[in-house]
1. Which of rounded, prolate or oblate describes the chain when judged by the alpha-carbon gyration tensor and an a/c cut-off of 1.5?
2. Tell me the label-point distance for the pair GLU14, GLU77, using the 7 Å Cα-to-Cβ offset, in nm and rounded to one decimal.
3. Non-local amide H neighbours of ARG29 (under 5 Å, H modeled in plane, Pro and chain starts lacking H): which ones?
4. Longest segment of the chain with no trypsin sites (Lys or Arg not before Pro) in a DSSP loop having at most 16 other Cβ atoms within 10 Å?
5. Given charges of +1 on the Cβ of Lys and Arg and -1 on the Cβ of Asp and Glu, with all other atoms neutral, how large is the dipole of the chain about its Cα centre, in debye to the nearest 20?
6. When the accessible area of the chain is computed with all protein chains present and a 1.4 Å probe, what percentage of it is carbon and sulfur?
7. Where only protein heavy atoms count, and the probe is 1.4 Å, what is the accessible area per residue for the chain in Å²?
8. Once every DSSP H run of n ≥ 4 in the chain is given -39500 (n - 2.57) and the sum is divided by its residues, what mean residue ellipticity at 222 nm do you get, rounded to the nearest 500 deg cm²/dmol?
Amino acid sequence: MIDYPQAGDDRPSESDIRRRRIRVRAWRRGMRELDILIGGFVDARIDALSEAELDELEVLLDLPDAELLSWLAGGAEPPQERDTALLKAIIAFHTHDGPIH
């Protein structure tokens with residue numbers, strides 16, 4: 001018989017489990033470029049994202065790869081309903097005005 005931890009133990013919260021799932025999805029997009037763009041942002045910032053931002057991130061993760069990549073790479077402007085603070089934060093995370101070293 002498996003002895004599962006009881007409430008109050010070091011059991012992960014629903015929020016922790018959700019963040020782990022998002023991290024896995026972010027790194028397994030199907031396009032290596034998106035893995036790097038989305039996964040890098042998620043690794044660095046997921047712990048600071050609110051539940052509403054996690055909702056929005058999950059919506060972005062459901063979008064087609066080509067569409068999302070075109071927005072992140074600057075090839076196309078996102079539609080108004082997707083041009084959010086979170087999308088801008090992901091783009092800004094990978095934008096450098098000077099040397100990165």
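The values are calculated or read from the model by the stated rules, or taken from the named source; none is laboratory data. Every value quoted in this text rests on a predicted model; they were computed, and no experiment measured them. Note: ideal-geometry Cβ built from the backbone for every residue, glycine included; neighbour counts use all protein chains shown. In case anyone asks, the SASA skips ligands and DNA or RNA and just uses the protein heavy atoms, side chains included. Shrake-Rupley method; radii C 1.70, N 1.55, O 1.52, S 1.80 Å.
1. On the way: a/c = 2.23, a/b = 2.01, b/c = 1.11.
Verdict is prolate for the chain.
2. Each label point lies 7 Å from its Cα, and together they span 3.9 nm.
3. Under 5 Å from the amide H of ARG29: ASP35.
4. Values: sites that count: ARG28, ARG82.
Longest run free of exposed loop sites: 29-81.
5. Numbers: 13 positive and 21 negative charges, 64 e Å.
Dipole of the chain, to the nearest 20 debye: 300 debye.
6. Working: 3600 of 6940 Å².
In the chain, the share of accessible area belonging to carbon and sulfur is 52 percent.
7. On the way: 6940 Å² over 101 residues.
Counting only protein heavy atoms, the per-residue value for the chain is 69 Å².
8. Details: 5 runs with 56 residues, N = 101.
Only helices count here, giving -17000 deg cm²/dmol.
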